[in-house]
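Here the structure is laid out as structure tokens; the discussion comes afterwards.
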Amino acid sequence: MQIINPTTEKIIEEVIEDTEASVREKYFLLRKGQPEWAALKVDARIACIERFYELLEAEAPVLAETLTAESGKPLQQSFNELNGARSRTRWLLDHAARWLAEEWVITEGTTREKIVYEPLGVVANISAWNYPYLVGINVFIPALLGGNGVLYKPSEYATLTGLHIQRLLHAAGVPANVFQLVAGKGKAGEWLLQLPVNGYFFTGSYRTGQSIAEKVAGKLVPVQLELGGKDPLYVMDDVEDIEKVVAAALEGVVYNNGQSCCAVERIYVQEKVYDAFVDAYAKLAGKLVIGDPAREGTDVGPLSRPGQREFLLAQIRDAVDKGARLVYGGKALEGKGYFMQPAVLVDVDHTMKLMTEESFGPVVGIQRVKDDAEAVALMADTEYGLTAAVYSRSYERAEAVMRQLNTGTVYWNCCDRVSAGLPWSGRKHSGLGMTLSYQGIRAFVQPKAYHIRG
Ligand code: NAD
């Protein structure tokens with residue numbers, strides 16, 4: 001499999017793809033190793049992941065360089081992702097023992113009762129490329145801490161990073177018969193669906209996630225899906241500092257070249273502050289530095305996958321054809337690399353794909369609304385339910401809006417963020433199940449109820 005650098009379109013490396021037979025062998029290897037791993041005291045498993053945590057820091061420069069080369073992520077953002085990965089791992093390390101410990105429910109009398117949390121067994125982790133450390137860590141760290149074996153398939157667009165992750169976990173003391181990487185494209189993911197694993201943990205698009213859930217439904221094993229979004233940001237007319245809100249919104253749109261599951265994908269602004277917001281947004285977008293992601297000071301690198309630029313240009317064309325106005329950007333850049341200018345569109349509405357279909361790129365439509373009721377109706381008009389952000393001076397007013405939205409996460413005066421202590425979950429087409437927080441530790445174990453008499 002050729003790993004292409006999206007900045008230069010050159011081959012970085014060739015990697016040997018797994019075959020159906022090698023995937024099966026890896027599965028049997030994990031089946032053998034997992035019971036021994038599960039039999040260890042949780043402290044021994046924590047000690048291995050502690051070493052992984054340290055290696056993430058020790059090797060940060062080379063890990064960041066690889067991530068930028070294969071994904072086009074600006075280098076500083078690759079370092080940020082590694083920092084985020086470490087703090088997420090830290091949180092899981094600090095809380096695993098508590099949430100995996102047995103729980104006594106009744107300790108006296110003729111029948112005592114307790115709950116013991118047992119691993120699921122061998123689980124499959126099919127992962128996305130946009131934040132390979134973060135979305136991977138949400139799954140394989142709590143899975144390993146809980147005593148599971150993990151068959152880990154990184155995205156074909158983040159394979160080199162996946163190989164680093166495997167190398168570091170093994171170097172940290174996670175046995176090779178407990179964690180194995182499967183290298184390949186969608187087909188390799190499909191082979192995982194054939195195996196009798198004890199759980200599927202998927203991060204990626206709605207289309208793939210939904211088809212996986214259908215294919216494995218008959219197995220009656222846990223299936224968790226972290227999928228896409230069409231996340232709205234609403235600016236109320238009482239905001240104190242419009243420039244600050246614009247800066248936050250723009251970062252929410254273009255961070256990671258716009259390829260974040262919880263990126264800001266559509267903006268609604270109340271009439272009174274609409275013109276000021278659009279002017280400031282277009283001006284600030286014009287100052288973004290687009291270029292080589294390995295160079296210091298670059299804000300926006302290339303899109304990661306071929307074809308994605310054409311997809312975004314088609315969304316822009318569809319909007320313009322239906323009456324939208326492009327106020328900044330939206331052009332493909334000449335030359336090598338999948339570069340495009342971020343795009344800002346106004347006079348948009350929900351007949352346009354730009355406002356309803358996940359973009360997954362640095363493009364956004366800004367729509368004028370008259371009041372909170374109209375904003376709520378538009379924010380809720382989506383098949384997705386990942387996050388929603390409200391900017392206002394008043395928490396009470398913002399909360400009244402946030403309470404009405406069917407999303408896994410809501411933000412007041414912030415956006416596009418994930419916290420290890422809070423459950424990360426999508427509703428509707430944004431997913432099923434959750435990671436992070438204590439619930440994301442418990443997602444990888446199953447409770448056994450003990451009734452103890454005598
Ligand atoms: P994708 O669905 O194209 O691929 C995800 C993974 O599935 C890859 O490893 C791929 O090889 C594999 N795959 C593809 N076809 C398969 C099949 N038929 N059977 C089994 N596996 C298959 O998604 P992507 O492009 O890697 O990621 C982008 C999407 O992920 C966006 O929609 C984004 O919003 C979403 N995402 C969600 C979260 C979240 O936490 N909710 C986080 C990151 C990304």
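The values are calculated or read from the model by the stated rules, or taken from the named source; none is laboratory data. Treat the numbers as computed from the prediction; the structure is a model and nothing was measured. Please note: Cβ atoms are built from the backbone with ideal geometry, for glycine as well, and neighbour counts cover all protein chains shown.
Quick test for you: out of GLY162, GLY186, pick the one residue that is under 30 Å from VAL289 (Cβ atoms) and within 16 Å of the ligand (Cβ to nearest atom).
Of GLY162, GLY186, the one residue that is under 30 Å from VAL289 (Cβ atoms) and within 16 Å of the ligand (Cβ to nearest atom) is GLY162.
As a summary of the residue check, ALA44 satisfies the conditions (1) over 16 Å from THR161 (Cα atoms); (2) buried (at least 22 other Cβ atoms within 10 Å of the Cβ) except for the one numbered (2).
Of the helices (runs of 4 or more DSSP H) lying entirely inside region 361-452, those containing at least 1 residues that are free of Cβ contacts under 8 Å to residues at least 40 places away in the same chain and either within 12 Å of the ligand (Cβ to nearest atom) or assigned by TED's automatic domain parsing to the domain that holds VAL239 (or both) span 372-380, 395-402.
Restricting attention to region 207-222, which residues are away from the ligand (no atom under 12 Å from the Cβ), of a type in the set (A, V, I, L, M) and farther than 15 Å from GLN194 by Cβ?
Answer for region 207-222, where residues must be away from the ligand (no atom under 12 Å from the Cβ), of a type in the set (A, V, I, L, M) and farther than 15 Å from GLN194 by Cβ: just LEU220.
For PHE140, the test of being more than 12 Å from the ligand (Cβ to nearest atom), without any contact (Cβ under 8 Å) to a residue 40 or more places away in the chain and touching a strand residue (DSSP E or B) at 6+ places or on another chain (Cβ under 8 Å) is passed.
Report, by residue number, each residue of region 225-250 that is surrounded by 15 or more Cβ atoms within 10 Å (Cβ to Cβ), of a type in the set (D, E, K, R) and more than 8 Å from the ligand (Cβ to nearest atom).
Step one: of region 225-250, the residues surrounded by 15 or more Cβ atoms within 10 Å (Cβ to Cβ) are 225-237, 239, 242, 245-246, 248-250.
With of a type in the set (D, E, K, R) added as a condition, the list becomes 226, 230-231, 237.
Result: LYS230, ASP231, ASP237.
Of everything listed in (1) surrounded by 15 or more Cβ atoms within 10 Å (Cβ to Cβ); (2) at negative phi, the single unmet condition for GLY72 is (2).
Per the listing GLU36, GLU65, the residue uniquely away from the ligand (no atom under 16 Å from the Cβ), over 30 Å from ASN257 (Cα atoms) and of a type in the set (D, E, K, R) is GLU36. Number of residues in region 189-206 that are among the polar types (S, T, N, Q), near the ligand (Cβ under 7 Å from one of its atoms) and in contact with a strand residue (DSSP E or B) (Cβ under 7 Å, 6 or more places away or on another chain): the value is 1.
Scanning region 60-112 for residues that are over 22 Å from PRO362 (Cβ atoms), in contact (Cβ under 8 Å) with a residue 40 or more places away in the chain and touching a Lys or Arg at 6+ places or on another chain (Cβ under 9 Å) gives ALA96, TRP99, LEU100, THR110, THR111, ARG112. For ASN80, indicate whether it is crowded, with 24+ Cβ neighbours inside 10 Å, within 16 Å of the ligand (Cβ to nearest atom) and not acidic (Asp, Glu). For ASN80, the condition - crowded, with 24+ Cβ neighbours inside 10 Å, within 16 Å of the ligand (Cβ to nearest atom) and not acidic (Asp, Glu) - is not met. Here is a list of conditions, (1) under 21 Å from the mean Cα position of the chain (by Cα); (2) more than 15 Å from the ligand (Cβ to nearest atom), and TYR255 meets all of them except one; can you say which number that is? With respect to (1) under 21 Å from the mean Cα position of the chain (by Cα); (2) more than 15 Å from the ligand (Cβ to nearest atom), TYR255 is out only on (2). Note on region 277-331: residues that are closer than 25 Å to SER71 by Cβ, in a loop (DSSP other than H, G, I, E, B) and out of contact with any strand residue (DSSP E or B) (no Cβ under 9 Å at 6 or more places or on another chain) total 9.
I'm checking my understanding of the structure. Among residues of region 242-273 that are among the charged types (D, E, K, R) and part of a helix (DSSP H, G or I), which one is nearest to THR298 (Cα to Cα)?
GLU251
Selection over region 201-224 of residues that are touching a helix residue (DSSP H, G or I) at 6+ places or on another chain (Cβ under 7 Å) and either surrounded by fewer than 23 Cβ atoms within 10 Å (Cβ to Cβ) or assigned by TED's automatic domain parsing to the domain that holds LEU386 (or both) gives a count of 4.
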